[in-house]
Amino acid sequence: MRSTGKTVTAKQAADLLASINSAALFVHTNPDGDAIGSAVALCLALRQLGKTVKIFCDMPVGNKITDSFEETREISAQFSGKFDLLVAVDCGDINRVGEFGGLYSNNRETLTLDHHGGEYYSKYNLVTHYASTCQIVYEIVRQLPVKVDARIATYLYMGLCTDTGNFSHNNTDKASFLMAADLCDGGADMEKINRIFFKDTSITETKLLGRAISHLRTFYDGKMALMYLTQADLKEFDADIGTTAGIVQNVINIDTARVGVMLTEYLPNTFKVSMRGKDFSVRDVCKEFGGGGHMYAAGCMISGFLEDVIEKIERVVGYSI
Ligand code: 5GP
Ligand code: MN
């Protein structure tokens, strides 16, 4: 495994992308709006230049997104083809590339575009602390002879808007608003992005939220709050893991909570853990479990029985709360 690669600027990444004929783009497992928006926007931009581009994710993209955004339907969970360059998008470490991470171990041309400030696992790395990976893609695309059409603008807006929590998280800055203004000018469908990611709630999602709320537990005088959904809950409502993405916000919205934890048992005794923090580094907690993310929004996977998993998280949070 390559442990230290070279840092590249947006211009150098653009030159690299302009020089190749084909690229495979990888988005992280459990892909979110930023991962998908970044990859599709970059894919559409490179196709304008006549490149062959395919997007891969080791897990199917949720129906909510594929039903609403046509281009996401071609994201494939099966790797095939030969490519001049492999590009990991929004993946802070090699594990986030999921089962395709193994492709990075050979002496291949690889590029990372990411905003978690983490590992340099590619040959070329453009790793920032921007609010979203879409901001990185936006900078690259502007260095290329590409027209940012309404479709590209919409996908770039998808990542910008979702990773800033609709311009409400403390990572939102002047650059986010300037980019939004530019994308608005480019015809981004901002209403659609807002509706799909922040308003539209299916009956299933509403029922799941109710079930998760009924499982609310609090620790440390309410400074840590936790909700969970089991496999049985998901099966009862015929829900996929994408359906539970927004619930963690309800946990951290509890006024006393400095740590909000949402557990989703997406496979028997295997939990996707989503954490949010207020003035508290949930990244440090998630790192203890082999995960990562940002200071105030992070995640990991933990295997075990529900009560054991809860106890482990309670203990690690307890070190610093
Ligand atoms: P979410 O809770 O919305 O799934 O993820 C919040 C943040 O944590 C995102 O930036 C995401 O990329 C990161 N994250 C979520 N799960 C994992 C994980 O298992 N490993 C790592 N390294 N990061 C994660
Ligand atoms: Mn992101």
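Worth pointing out:
- For the residues Ser132, Ser214, the requirement of being over 13 Å from Gly37 (Cα atoms) and either assigned by TED's automatic domain parsing to the domain that holds Ile65 or away from ligand 2 (no atom under 16 Å from the Cβ) (or both) singles out Ser214.
- Screening the stretch 150-177 for residues that are among the β-branched types (Val, Ile, Thr) and within 11 Å of ligand 2 (Cβ to nearest atom) and picking the one that is farthest from Ala35 (Cα to Cα) gives Thr164.
- Within the stretch 51-75, the set of residues being among the basic types (Lys, Arg) and free of Cβ contacts under 8 Å to residues at least 60 places away in the same chain comprises Lys51, Lys54, Arg73.
- The condition (being surrounded by 21 or more Cβ atoms within 10 Å (Cβ to Cβ), among the polar types (S, T, N, Q) and assigned by TED's automatic domain parsing to the domain that holds Gly101) is satisfied by just one residue among Thr29, Thr72, Thr66, Thr52: Thr72.
- Any hit, the stretch 301-314, residues being closer than 26 Å to Thr128 by Cβ and either within 16 Å of ligand 2 (Cβ to nearest atom) or not in a helix (DSSP H, G or I) (or both): yes
- Taken over the stretch 277-300, the criterion of being part of a loop (DSSP other than H, G, I, E, B) and either more than 6 Å from ligand 1 (Cβ to nearest atom) or of a type in the set (Lys, Arg) (or both) is satisfied by Lys278, Asp279, Phe280, Ser281, Phe289, Gly290, Met295, Tyr296.
- Residues that are touching a strand residue (DSSP E or B) at 6+ places or on another chain (Cβ under 9 Å) and crowded, with 20+ Cβ neighbours inside 10 Å were ranked within the stretch 140-199; the one that is farthest from Val40 (Cα to Cα) is Asp163.
- Subset tally (residues that are buried (at least 21 other Cβ atoms within 10 Å of the Cβ) and either of a type in the set (D, E, K, R) or under 20 Å from Asp284 (Cα atoms) (or both)) for the stretch 102-115: 2
- Some residue of the stretch 210-218 being crowded, with 16+ Cβ neighbours inside 10 Å and hydroxyl-bearing (Ser, Thr, Tyr): no
- Neighbours by Cβ (under 9 Å, 6+ apart or cross-chain): first from the stretch 244-270, in contact (Cβ under 8 Å) with a residue 40 or more places away in the chain and surrounded by fewer than 17 Cβ atoms within 10 Å (Cβ to Cβ); second of a type in the set (Phe, Trp, Tyr) and assigned to a helix (DSSP H, G or I): Gly246/Phe197; Gly246/Phe198
Every residue, every condition in (1) within 16 Å of ligand 2 (Cβ to nearest atom); (2) under 27 Å from Gly292 (Cβ atoms), yes or no:
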position: Ala45; (1), (2): no, no
position: Gln48; (1), (2): no, no
position: Thr66; (1), (2): no, yes
position: Phe69; (1), (2): no, yes
position: Arg73; (1), (2): no, no
position: Gly81; (1), (2): no, no
position: Val87; (1), (2): yes, yes
position: Asp93; (1), (2): yes, yes
position: Arg96; (1), (2): yes, yes
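- For the stretch 298-321, a residue qualifies if it is under 21 Å from Gly118 (Cα atoms) and surrounded by 21 or more Cβ atoms within 10 Å (Cβ to Cβ), and the qualifying residues are Ala298, Gly299, Cys300.
- Residue check, Met1 modelled with pLDDT under 95, surrounded by fewer than 23 Cβ atoms within 10 Å (Cβ to Cβ), aliphatic (A, V, I, L, M) and not assigned by TED's automatic domain parsing to the domain that holds Leu144: yes
The values are calculated or read from the model by the stated rules, or taken from the named source; none is laboratory data. Just so it is clear, the structure is predicted and the values come from calculations on it, not from any experiment. Note: ideal-geometry Cβ built from the backbone for every residue, glycine included; neighbour counts use all protein chains shown.
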